[in-house]
Amino acid sequence: MARLNVNPTRMELRRLKTRLKTAVRGHKLLKDKSDEMIRQFMSFVKQNKALREEIEGDLREALKYFMLAGSVMGEENIEQTFAMPSRTLAVRAGLKNVMGIDVPMLEIAGTEGELPYVLSSVPADMDTAVIKLTELSEKLLRLAEVEKTCNMLAQEIEKNRRRVNALEYVMIPQLNETIKYIMMKLDENERATIIRLMKVKSLLEKQDNA
């Protein structure tokens with residue numbers, strides 16, 4: 001691991017030790033955050049799977065009734081019945097915080113209008129199909145919310161993992177290597193100073209004895 005290009009002084013040594021302490025603490029915090037984000041991510045993935053399976057089951061049920069009604073009404077009559085939508089769905093969009101990430105929050109604010117046909121003009125199976133599909137709106141919004149949250153958490157987990165790896169495999173080893181180098185240089189300088197002092201002392205003693 002390449003060391004940092006710094007002057008081997010005691011002041012630089014103190015500065016690097018402070019940086020190393022901060023880097024180690026930051027690494028631990030990021031690692032803890034990563035573990036918690038992964039736990040949250042797995043929770044949302046389970047919610048996503050359960051919601052998708054539930055919605056797919058409800059859709060199959062609604063389509064079954066729709067096909068039964070269609071076999072009685074015919075394709076042309078179905079197109080005429082639903083040609084002019086008469087119901088609107090208001091959705092309130094917001095944000096909520098999950099592990100420091102602003103993820104979407106969706107909820108139905110209200111519905112307006114009636115069914116797009118007269119009840120007596122269609123088979124009962126069509127009523128059932130339309131009602132079941134209408135009831136799916138809230139679940140579909142929740143699924144969209146959870147899936148987007150999963151995507152955003154996955155992206156943040158990946159970014160956090162890169163930060164953790166940069167600290168663990170680049171910055172912290174570089175700081176350790178540089179600190180080791182500076183300490184070695186300072187020890188060498190100290191030994192060289194001691195040797196010079198011993199030589200000066202020896203010369204002075206010889207002069208005193210002459």
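Scanning the range 140-192 for residues that are open to solvent by less than 60 Å² (accessible area, probe 1.4 Å) and of a type outside the set (Asp, Glu) yields a count of 25.
Within the range 81-100, the set of residues being at pLDDT 65 or above, surrounded by 10 or more Cβ atoms within 10 Å (Cβ to Cβ) and outside any strand (DSSP E or B) comprises 99 only.
Taking (1) exposed (fewer than 11 other Cβ atoms within 10 Å of the Cβ); (2) closer than 30 Å to residue 189 by Cβ; (3) modelled with pLDDT of 85 or more in turn, residue 2 satisfies each apart from (3).
The values are calculated or read from the model by the stated rules, or taken from the named source; none is laboratory data. Since we're looking at a predicted model, the values are computed, not measured. Here Cβ is always computed from backbone atoms with ideal geometry, including for glycine, and neighbour counts include all displayed protein chains. Surface areas here come from the heavy atoms of the whole protein model, side chains and all, with no ligands, DNA or RNA. Shrake-Rupley method; radii C 1.70, N 1.55, O 1.52, S 1.80 Å.
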